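Visitor: Okay, handing you the structure first.
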Amino acid sequence: MSSEPAEPAEVPEVSESVKPPGPGRRSFLRGIASGVAGGAVAGAAGGYAYHGSGTGADQAAAANLAELQGRLPAVPFHGKHQAGILPEPKAATAVISFNATAESRAELTELFRTVTDRARFLTAGGTPPPTGIGGPASDSGTLGPTVVPDGLTVTFGVGSTLFDDRYGLASRLPAHLTPMESFPNDDLDPAQCGGDLILHLTAGHEDVVLHALRDIARNTRGGMQANWRIDGFSSPARPAGTVPRNQMGFMDGISNPSVTSASQMNELVWVQPGAAREPSWTAGGSYLVVRLIRMFVEFWDRVDVYEQQTMFGRYRDSGYPLDADGIYATPDYATDPEGNVIPLTAHMRLANPRTPQTASSRILRRAWNYDRGLDPVGDLDVGLIFTCFQQDIRRQFTAVQTRLIGEPLVDYISPFGGGYFLALPGVVDGNDYYGRALLA
Ligand code: HEM
């Protein structure tokens, strides 16, 4: 069976209305007001507030409005599944691992409710509430007086360590959740692995991602503590209409299951109700694997393009498989059993041999580039934030990664961090919150 090309997920046009958090909701940082005043921003074109007077200010405001209108519309927060899982990568992302520091199950529940409230507000946008004289502002102000949605998605997940003896959750451990394994080519840094909780933010601009992180961190202080973090970016597709590239120069994300096919998503991505050994609360969630992979780009740039292409199985410039002439063409491995055109060791051939036996191991991949400047010896510290979603880590990610052991690409990359998580089921409405069925 062959993979279908990825199709862009639909991004809804309008933001949904937002309720301020309920009265009496505890904020982990006392003295910080959480919530919104004035309701939601009214969509990408309509609801931004501008302040200023005089012609110069008006012109500046008009220019600013034009800029803001180019920003992405809100992605509805409520739904059966979390809204950040299916869409194509947006320009900016941050992946942040936290350890839970809540002191009881009740505090942990409060933490999850607070994360929900903040995510609901931030993804819709709106005007933060005014604060009285003498108190800290309710918002960092880094996006100006009105918080723009800019396509922000907040994906929240749990790691296996949350199910230890602290919160009485041991019997609710998801069936396939374990600490991340180490594979033969890995060089894992424990300080950049695992975590009780994971937050995956994506938006159209870096400032929106960072604003969301600051907002969530300040409102959850005392309930969770950041553990490791990585920021990433996805470039525009070049040429337009193709697929963004990774830092090895190749398009990354061409072959994926179809996110518009409910049957494929139910077979490959979403944990199904009644799944064997799965606690019922996991239904609608999805296992998230994060792998932080350094690329030795100085070394890679000395390899000739022909050899690079045989390592992946695709042309660098066009993204076409080496045996075909279309970006989404299906490589024909059956007529090339010896690997004369696409080597048997090519990354894409090992990752997805396109046989009936391997069809159930397909994963939904999402890749971002990272750039952390220089390493201690002055080499570029760049690479890939590899994420994938699946129904069962062992059947899918582990099977794919195991087939990739020893591939030629391993000389040019080094996985150093990441973790295994369960992205929680979606928050269905204004009364629901992340993990309600887990914590109830
Ligand atoms: C730095 C590390 C990696 C790089 C540079 C890389 C790059 C690529 C490229 C260029 C492609 C072909 C284009 C496409 O279909 O998107 C691809 C495909 C793929 N990669 Fe990776 N990848 C990396 C790591 C991984 C890892 C860790 C996994 C999973 C364990 C993985 C699984 C896949 C799969 C499943 C495909 C699609 C194969 C197909 O259906 O034809 N990749 N990757």
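The values are calculated or read from the model by the stated rules, or taken from the named source; none is laboratory data. Since we're looking at a predicted model, the values are computed, not measured. Cβ sites come from the backbone with ideal geometry, for glycine too, and all protein chains shown count toward neighbours.
Visitor: As an exercise: evaluate Q309 against (1) more than 11 Å from the ligand (Cβ to nearest atom); (2) assigned to a helix (DSSP H, G or I) and give the number of the one condition it does not meet.
Guide: If we test Q309 against (1) more than 11 Å from the ligand (Cβ to nearest atom); (2) assigned to a helix (DSSP H, G or I), just (1) comes out false.
Visitor: Report, by residue number, each residue of the stretch 84-106 that is buried (at least 23 other Cβ atoms within 10 Å of the Cβ) and within 20 Å of D432 (Cα to Cα).
Guide: Correct list: G84, I85.
Visitor: Name every residue in the stretch 319-335 that is within 14 Å of the ligand (Cβ to nearest atom), of a type outside the set (F, W, Y) and in a loop (DSSP other than H, G, I, E, B), in order of residue number.
Guide: Selection gives G319, L322, D323, A324, G326, I327, A329, T330, P331, D332.
Visitor: Could you grab me the full set of residues in the stretch 158-188 that are assigned to a loop (DSSP other than H, G, I, E, B) and polar (S, T, N, Q)?
Guide: T178, S182, N185
Visitor: If you don't mind, another one. Kindly indicate whether any position in the stretch 90-106 is part of a strand (DSSP E or B) and in contact with a Lys or Arg (Cβ under 6 Å, 6 or more places away or on another chain).
Guide: Yes - at least one qualifying residue is present in the stretch 90-106.
Visitor: List every residue pair whose Cβ atoms lie under 8 Å apart, where the two residues are 6 or more positions apart in sequence or sit on different chains, the first residue falls within the stretch 356-370 and is surrounded by fewer than 20 Cβ atoms within 10 Å (Cβ to Cβ), and the second residue, located anywhere, is aliphatic (A, V, I, L, M) and not in a strand (DSSP E or B).
Guide: Once the first residue is surrounded by fewer than 20 Cβ atoms within 10 Å (Cβ to Cβ) and sits in the stretch 356-370, its partners that are aliphatic (A, V, I, L, M) and not in a strand (DSSP E or B) give P356/M1; T358/A399; A359/M1; S360/L268.
Visitor: Considering only the stretch 365-384, how many residues are out of contact with any Leu (no Cβ under 7 Å at 6 or more places or on another chain), of a type in the set (A, V, I, L, M, F, W, C) and near the ligand (Cβ under 10 Å from one of its atoms)?
Guide: The number of residues fulfilling the criteria is 1.
Visitor: Residues in the stretch 189-243 that are part of a loop (DSSP other than H, G, I, E, B), within 16 Å of the ligand (Cβ to nearest atom) and of a type in the set (G, A, S): how many?
Guide: Going through the stretch 189-243 one residue at a time, the tally reaches 4.
Visitor: How many of the residues in the stretch 343-355 are surrounded by 16 or more Cβ atoms within 10 Å (Cβ to Cβ) and more than 10 Å from the ligand (Cβ to nearest atom)?
Guide: The number of residues fulfilling the criteria is 2.
Visitor: Just the residues that are surrounded by fewer than 15 Cβ atoms within 10 Å (Cβ to Cβ), in contact with a Ser or Thr (Cβ under 7 Å, 6 or more places away or on another chain) and modelled with pLDDT under 95, please, taken from the stretch 132-183.
Guide: Once the filter is applied, which keeps residues that are surrounded by fewer than 15 Cβ atoms within 10 Å (Cβ to Cβ), in contact with a Ser or Thr (Cβ under 7 Å, 6 or more places away or on another chain) and modelled with pLDDT under 95, the stretch 132-183 yields A137, P145.
Visitor: Name the pairs: first residue in the stretch 304-320 and at pLDDT 95 or above, second residue of a type in the set (K, R) and within 11 Å of the ligand (Cβ to nearest atom), Cβ to Cβ under 8 Å, at least 6 apart or on different chains?
Guide: Pairs found: V305/R316; Q308/R316; Q309/R316; G313/R349; Y320/R314.
Visitor: What single numbered condition from (1) of a type in the set (S, T, Y); (2) over 30 Å from A102 (Cβ atoms); (3) under 18 Å from the mean Cα position of the chain (by Cα) fails to hold for T242?
Guide: (3)
Visitor: For F233, state whether it is within 23 Å of G373 (Cα to Cα), more than 15 Å from the chain's Cα centre (by Cα) and among the aromatic types (F, W, Y).
Guide: no
Visitor: Select from the stretch 408-424 the residues that are within 9 Å of the ligand (Cβ to nearest atom) and closer than 19 Å to L344 by Cα and list them in ascending order.
Guide: L409, Y412
Visitor: Something else: Among the residues of the stretch 244-284, count how many are in a loop (DSSP other than H, G, I, E, B), touching a residue at least 40 places away in the same chain (Cβ under 8 Å) and either more than 15 Å from the ligand (Cβ to nearest atom) or on the phi < 0 side of the Ramachandran plot (or both).
Guide: Number of matching residues: 24.
Visitor: Now, a different point. Kindly check whether there is at least one residue in the stretch 388-406 that is over 17 Å from L268 (Cβ atoms), surrounded by 21 or more Cβ atoms within 10 Å (Cβ to Cβ) and at pLDDT 95 or above.
Guide: No - not one qualifying residue is present in the stretch 388-406.
Visitor: Return a yes/no flag: does the stretch 385-394 have any residue that is touching a helix residue (DSSP H, G or I) at 6+ places or on another chain (Cβ under 8 Å), touching a residue at least 12 places away in the same chain (Cβ under 8 Å) and within 11 Å of the ligand (Cβ to nearest atom).
Guide: The answer is yes, given that some residue of the stretch 385-394 is touching a helix residue (DSSP H, G or I) at 6+ places or on another chain (Cβ under 8 Å), touching a residue at least 12 places away in the same chain (Cβ under 8 Å) and within 11 Å of the ligand (Cβ to nearest atom).
Visitor: Consider only pairs whose beta carbons are under 9 Å apart and that are at least six residues apart or on different chains; among these, list those whose first residue lies in the stretch 149-173 and is farther than 18 Å from G426 by Cβ and without any contact (Cβ under 8 Å) to a residue 60 or more places away in the chain and whose second residue is part of a loop (DSSP other than H, G, I, E, B) and aliphatic (A, V, I, L, M).
Guide: If the second residue must be part of a loop (DSSP other than H, G, I, E, B) and aliphatic (A, V, I, L, M), the pairs left are F163/L169; F163/L173; F163/L177.
Visitor: Here's another thing I want to ask about it. Quick check: anything in the stretch 66-83 at pLDDT below 50 and surrounded by fewer than 20 Cβ atoms within 10 Å (Cβ to Cβ)?
Guide: yes
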